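Data first, discussion second: the structure below is written as structure tokens.
The values are calculated or read from the model by the stated rules, or taken from the named source; none is laboratory data. Owing to the predicted nature of the structure, the values given are computational and were not obtained by experimental measurement. Note: ideal-geometry Cβ built from the backbone for every residue, glycine included; neighbour counts use all protein chains shown. For accessibility, only protein heavy atoms count, side chains too; no ligands or nucleic acids. Shrake-Rupley method; radii C 1.70, N 1.55, O 1.52, S 1.80 Å.
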Amino acid sequence: MAIDVNQPIFVISVAAELADMHPQTLRQYDRLGIVSPSRAPGKSRRYSQNDVNKLREVQRLSQSGVSLEGIKRILDLENQVAALQYRVAELTEELSRRRTPVDTRIFAAGAAGDVVSLARGQRPRGRSQAVVVWRPRLGEELYERGANPGSGPN
């Protein structure tokens, strides 16, 4: 059975010992929003293995001379990067499922001004009739798939 690193299982004294910190330091980090553990019924803090790892990273940054405000900003930016990487992976997967045989994609302006992808032969709904046909630059990918980049309309 795999261990869930996000499962809040450590009480504050155990988490402090694992992170080699004083429990009061963990309380301060929680108040500042640097490492916020889960709460058990009764309001006691419960730390996960990820929380302990984050505490160790906070300690390393602090020992390197980074202020607590700087540490908080670094952790926030790391969370944003992780969320964006996840979103890029989602969009890449969606794009690979939607690819047409010659890798042509058609986009139109949606009713709210957003960009919508259209299937081949589909017309945009609503008032907008603006359509853009996008073809990738002729590169190795088309040659590898056996497409003839010189054929078809541009």
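Filtering the range 42-64 down to residues that are hydroxyl-bearing (Ser, Thr, Tyr) and under 26 Å from the mean Cα position of the chain (by Cα), which residue is surrounded by the fewest Cβ atoms within 10 Å (Cβ to Cβ)? My answer is Ser62. Suppose the filter is over 23 Å from Ile12 (Cβ atoms), modelled with pLDDT under 95 and in a helix (DSSP H, G or I); does Thr92 pass it? Taking the combined requirement at face value, the residue satisfies it. Can you name every residue in the range 35-64 that is in a helix (DSSP H, G or I) and either of a type in the set (A, V, I, L, M) or touching a Leu at 6+ places or on another chain (Cβ under 6 Å) (or both)? Listed by number, the residues that qualify are Val52, Leu55, Val58, Leu61. When you scan the range 65-87, do you find a residue that is closer than 30 Å to Gly121 by Cα, open to solvent by 60 Å² or more (accessible area, probe 1.4 Å), out of contact with any His (no Cβ under 8 Å at 6 or more places or on another chain) and assigned to a helix (DSSP H, G or I), even just one? Yes - at least one qualifying residue is present in the range 65-87. Restricting attention to the range 10-34, which residues are of a type in the set (Val, Ile, Thr), free of Cβ contacts under 8 Å to residues at least 40 places away in the same chain and assigned to a loop (DSSP other than H, G, I, E, B)? Selection gives Val11 alone.
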